[in-house]
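Engineer: Take this structure first; my questions come after.
Bear in mind these aren't lab numbers, they're just calculated from the coordinates by the rules spelled out. Quantities reported herein were computed from a predicted structural model and do not represent experimental measurements. Every residue, glycine as well, gets a Cβ built from its backbone with ideal geometry; the counts of neighbours run over all protein chains shown.
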Amino acid sequence: MLEDFISIHDLTVYEFSQILDLTQKIKDNPQRFQNKLKDKILAMIFQKPSLRTRMTFEVGMLQLGGEAVYLSPSDIQIGTRETAYDVGKNLERWVNAIMIRAFAHQDVIDLAKASRIPVINALTDLLHPCQAMADFFTLKEKAKDLTSLKLAYIGDGNNVCHSLLFAAAKAGSKMSVATPPGYKPDSEIVKQAEEDGKETGASFLITDNPSEAVEDADAVYTDAWASMGQEEEKVDRAKIFSSYQVNKELMAKAREDTVFMHCLPAHRGEEVTDDVLDSPRSIVYDQAENRLHVQKIIMLLLLEKKQE
Ligand code: CP
Ligand code: NVA
């Protein structure tokens, strides 16, 4: 297992599937894992807001017998008050692991380089790996065989899209991405995912046509058109992305049993309509629940290794 959990790209195919298998075990039998992280403390650095990430890391740590300390956006101010390097050098003296939600992906890398304790990426402008692990666990619960699965992602080629591409590559799934021109996923990330996918048989389609992307998809996924930090672009993006809304018409172009996914928070009436989000096809709250189970396993794998 890795020293840190920063990108799904860094995992071996074995480690990826090991996390999903262990997640099933902890979800089925959480009592067996109680107190596994007794006396361990997680520092949680948030440069951006959060509901799911904060709750699932904090609750996860409590359920494992450990503790979590929340550091709000105004507390540390990485890059302004102190460098990521110095933050890491301090925190390693007091706690056993760090979870960080940051703007700059480089801050997470610098923090991990500086500290001897595990660092977990809880979202950067580039990636959201814990989300994609929970999403692929959710897909595995529903679809069983990830190698014959097709995931269609519609909207902005953002952090969530990037981590889903890496996860699809490790899982051996098909993934199509439809974005407006100019909002495609990062070409370097797509290249890396394609490279990773050679080992598993994963395949990718990047298009600007949502109807083409959802064709025969097992799951249709969307995310905010303007991510945290892009609030000033919200009005412009609403116009640019208007034909990328996941609504009943688009879902009708997929199959009858196609599920709908979203990392949340959802912007109802923007990237998704209520009739899709609240429909029986929607598995968004299963995704949110599974953040808890998958992150408990990530913390256990990182911290148990440290005890060896
Ligand atoms: N999906 C997700 O990471 O939600 P939060 O931003 O609320 O943590
Ligand atoms: N792409 C979104 C995901 C939120 C969980 C953002 O970065 O704001």
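Engineer: Tell me what the chain gives for mean residue ellipticity at 222 nm when only DSSP H runs of n ≥ 4 count, each as -39,500 (n - 2.57), the sum divided by the residue total, rounded to 500 deg cm²/dmol.
Structural biologist: Computed ellipticity for the chain at 222 nm equals -13500 deg cm²/dmol.
Engineer: Tell me the relative contact order for segment 206-308 as a rounded percent, counting alpha carbon contacts under 8 Å between residues six or more apart.
Structural biologist: Answer for segment 206-308 is 29 percent.
Engineer: Which FRET efficiency, nearest 0.05, do K38 and V13 yield, Cβ-Cβ r, R0 25 Å? Display every interim value, and only then the final one.
Structural biologist: Values: r = 32 Å, r/R0 = 1.28.
Approximately 0.20, to the nearest 0.05.
Engineer: Give me Rg/Rg_expected for segment 2-41, where Rg uses Cα atoms only and Rg_expected = 2.2 N^0.38 Å with N residues.
Structural biologist: Ratio of Rg to 2.2 N^0.38 Å for segment 2-41: 1.39.
Engineer: Which percent of Cα pairs goes in each bin when the distances of segment 80-123 are cut into 10 angstrom slices starting at zero?
Structural biologist: Reading upward from the zero bin: 32, 61, 7.
Engineer: Need one number for segment 155-308: average projected area of the convex hull over its C-alpha atoms, nm².
Structural biologist: 10.4 nm²
Engineer: Work through the residues other than D196 whose Cβ is under 11 Å from its Cβ and net out their charges, Lys, Arg +1 and Asp, Glu -1.
Structural biologist: My count for the surroundings of D196 gives -1.
Engineer: Expressed as cubic angstrom per residue, what is the convex hull volume of the alpha carbon set of segment 8-148?
Structural biologist: Per residue, the Cα convex hull of segment 8-148 comes to 117 Å³.
Engineer: A further question on this structure: Can you work out the PRE-style zone for E231? Point 7 Å along Cα to Cβ, and I want the residues of segment 255-282 with backbone N under 18 Å.
Structural biologist: Zone members listed by number: 265-268.
Engineer: Please work out the C-alpha center-to-center distance from segment 214-272 to segment 35-87 and express it in whole Å.
Structural biologist: One Cα centre to the other: 30 Å.
Engineer: Can you work out D for segment 92-202 in µm² s⁻¹ from Stokes-Einstein, where Rh is the Kirkwood radius over C-alpha pairs, the temperature is 37 °C and the viscosity is 0.692 mPa s? Could you put the intermediate results ahead of the total?
Structural biologist: Numbers: Rh = 14.9 Å.
Diffusion coefficient, whole number: 220 µm²/s.
Engineer: Could you tell me the convex hull volume per residue, in Å³, taken over the Cα atoms of segment 31-97?
Structural biologist: With only Cα atoms used, segment 31-97 gives 75 Å³ per residue.
Engineer: While we're on this one: When only DSSP loop residues count, what GluC sites (Glu not before Pro) in segment 173-275 have their Cβ near at most 15 other Cβ atoms within 10 Å?
Structural biologist: When the GluC sites (Glu not before Pro) of segment 173-275 are filtered for loop state and at most 15 Cβ neighbours within 10 Å, E215, E256 remain.
Engineer: Looking at the calculated P(r) for segment 164-244, what percent of the C-alpha pair distances fall above 15 Å? Provide the component values of the computation, followed by the final result.
Structural biologist: Numbers: 1952 of 3240 pairs.
Roughly 60 percent, once rounded to a whole number.
Engineer: Still on this structure, please answer the following. Please give the per residue volume of the convex hull enclosing the alpha carbon atoms of the chain, rounded to a whole number of Å³.
Structural biologist: It comes to 121 Å³ per residue, whole-number rounded.
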